[in-house]
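For reference, the structure discussed in these notes is given below.
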Amino acid sequence: MHMESAYRQSARRGRTVTGALVCACALALLAAACTSDTPTELGQGLVTTEFDTTLALLGVENLTQFSALAIEDEDVPLKNQQLLYLGSREGNESSILINFDFAKLDSLNIPPAWMNPDSTVYVWLRFVRALNYDNVLKAPADTSQSPLMAKSPVYFELNELDAPFDSTDTYPGPEPSHSGINYNSEHNDPGYVGDLNQASKIKIDPGVFWNWYQEGAKKGFAVRSGPEADTTLVGFASREMRLHYSELEPLGEFVIAAPHFIVAFVDSLRLGVELVDNTALLTSYSDISTFHEVVPVPTDPADGIVVRTCLRNYPAMHFDFSSLPPDIYINRAELRLHNDTTRGFGTYWSLVLAEFDSLDFDQPGGSMTLDELDDAALYVVTGITAVTPQFDKTLDFNVTQYVQRVVNGVYDGSRGLLMAPDERFFSAYDRGAAEPDFYFSEYRFHGTADPDPTLRPQLRITYSSISDLEGGTP
């Protein structure tokens, strides 16, 4: 055993010496080559070759085309949208129009003797608020809440229309003429949206309701926001609610999604609960958001770049790359946009950039249908998920592939970029439960003429000059 151990130690020493000699010879050969050999294409000499990169900041004033595309969804016009909007935000204002047929009051289980004001405990016009707007109950003075949560409350005003509104009319549009009763709810009234229940309610005088019932006619109403509602736009379920019940809290036994009157009779007072045998319901037969004031999005990027959902507006841009030198390799390209979080509002979305033929957005205020956009040979470049209009200030989109393809002349025509939220045809980024027609949101990015140059959009391109390479073949 002793002799075998000595042999192994000797062998290890021999291998160590041999390895050292090999390394020494290799270093000697390398030193000789570095001082006397001509650099070759196989790697010799690359340690001294410089590969310079340059960051080119192309302001997005280098745009040859820009369009604030209005996108119309022919399959879901405003009258078929699943939310009704009330209130105002950043100059956008909407009321809710509702029609009821009082001959359709569901009073099958109600004794005829109860059908009068004296037997009525209460009458409410009730709405179901979408989950995204639950936090409107936080008053503006509540500084413990984040800016997303600290919204102003909305107050209801209810006016009877001169006639039921025409549901075939095109909206957005002006409110119809109205007169008659005006219910202006007080701060602590159930008409205040900030009540603790998901179902927001307007108190109705029982005598007035039974007058409507006795007439047995169709009537229209305008639900308008009071003067305090300058900073909140709230969405409620419409009678078209069909796909996105996950955006509502589970409905109680006597709560339906569509706007409805609920009439409670005497036994409700005695029992303290709503029972099917002493509650009558009347559901709207048509309803719509007016959006009678909608701020036009800028058609000049100097004034800003806006992405809007619900009433869709998506910007499209084509860039001028003529200031880039020839014979370059694009290492990286980023489109940097600065979001004005003081003006943006709504829920978060994914924001997607897709290549888009510039012939499809040749007008600053162009328009397309959603189906036309889907058929427009869009090629997704990149996207950022869960971008919140009130929080996310600086967005960097990696558009390296797009710039490389343009600079290398891959296309015969010209391709720009479309910015849009997670529409269904952007499958890699379509992660939200609702489509962009559901929630009204706005991202307002600073424009190319912003007084603060650091907030202007930039296309940040890092490139290398191929001709500057020492040795080798480009």
Q: Please go through the range 79-101 and pick out each residue that is among the hydrophobic types (A, V, I, L, M, F, W, C) and outside the structural domain of GLU240 (by TED's automatic domain parsing).
A: LEU83, LEU84, LEU86
(Q) Just checking, does the range 355-367 include any residue being over 26 Å from PHE321 (Cα atoms) and of a type in the set (A, V, I, L, M, F, W, C)? (A) no
Q: Within the range 403-420, count every residue that is in contact with a Phe, Trp or Tyr (Cβ under 7 Å, 6 or more places away or on another chain) and either open to solvent by 40 Å² or more (accessible area, probe 1.4 Å) or in a loop (DSSP other than H, G, I, E, B) (or both).
A: 3
Q. What residue, of LEU353, LEU335, LEU281, LEU311, is in the same structural domain as THR454 (by TED's automatic domain parsing), at pLDDT 90 or above and over 17 Å from the mean Cα position of the chain (by Cα)?
A. LEU335
Q: Can you tell me which residue among ARG424, ARG405, ARG336, ARG415 is closer than 26 Å to SER465 by Cα and free of Cβ contacts under 8 Å to residues at least 60 places away in the same chain?
A: ARG405
Q.
ALA70 - would you say it is open to solvent by 20 Å² or more (accessible area, probe 1.4 Å) and assigned to a strand (DSSP E or B)?
A. yes
Q. Within the range 100-115, is there a residue that is buried (at least 22 other Cβ atoms within 10 Å of the Cβ) and of a type in the set (A, V, I, L, M, F, W, C)?
A. yes
Q: Out of VAL399, VAL410, report the one residue that is assigned by TED's automatic domain parsing to the domain that holds PHE319, over 26 Å from PHE345 (Cβ atoms) and touching a strand residue (DSSP E or B) at 6+ places or on another chain (Cβ under 7 Å).
A: VAL399
Q) Which ones in the range 346-377 are touching a Lys or Arg at 6+ places or on another chain (Cβ under 7 Å) and open to solvent by less than 10 Å² (accessible area, probe 1.4 Å)? A) SER350, GLU355, PHE356, SER358
Q. Which number in (1) closer than 21 Å to GLN65 by Cα; (2) aliphatic (A, V, I, L, M); (3) open to solvent by less than 20 Å² (accessible area, probe 1.4 Å) marks the one condition that VAL381 misses?
A. (3)
Q. Do we have ASP452 as out of contact with any strand residue (DSSP E or B) (no Cβ under 8 Å at 6 or more places or on another chain) and either over 24 Å from LEU57 (Cβ atoms) or at pLDDT below 85 (or both) here?
A. no
Q: Quick one: THR299 ticks every box in (1) of a type in the set (S, T, N, Q); (2) open to solvent by 10 Å² or more (accessible area, probe 1.4 Å); (3) modelled with pLDDT under 95 except a single one, so which number is it?
A: (3)
Q) Out of (1) at pLDDT 95 or above; (2) under 20 Å from ASP320 (Cα atoms); (3) open to solvent by less than 20 Å² (accessible area, probe 1.4 Å), the odd one out for ASN398 is which? A) (3)
Q) Of the residues in the range 79-93, how many are modelled with pLDDT of 90 or more, open to solvent by less than 20 Å² (accessible area, probe 1.4 Å) and over 20 Å from HIS260 (Cβ atoms)? A) 1
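The values are calculated or read from the model by the stated rules, or taken from the named source; none is laboratory data. Predicted model only: the values in this text are computed from it and were never measured. With ideal geometry, Cβ positions are generated from the backbone for all residues, glycine too; neighbour counts draw on all protein chains shown. SASA here: full protein model, heavy atoms, side chains in, ligands and nucleic acids out. Shrake-Rupley method; radii C 1.70, N 1.55, O 1.52, S 1.80 Å.
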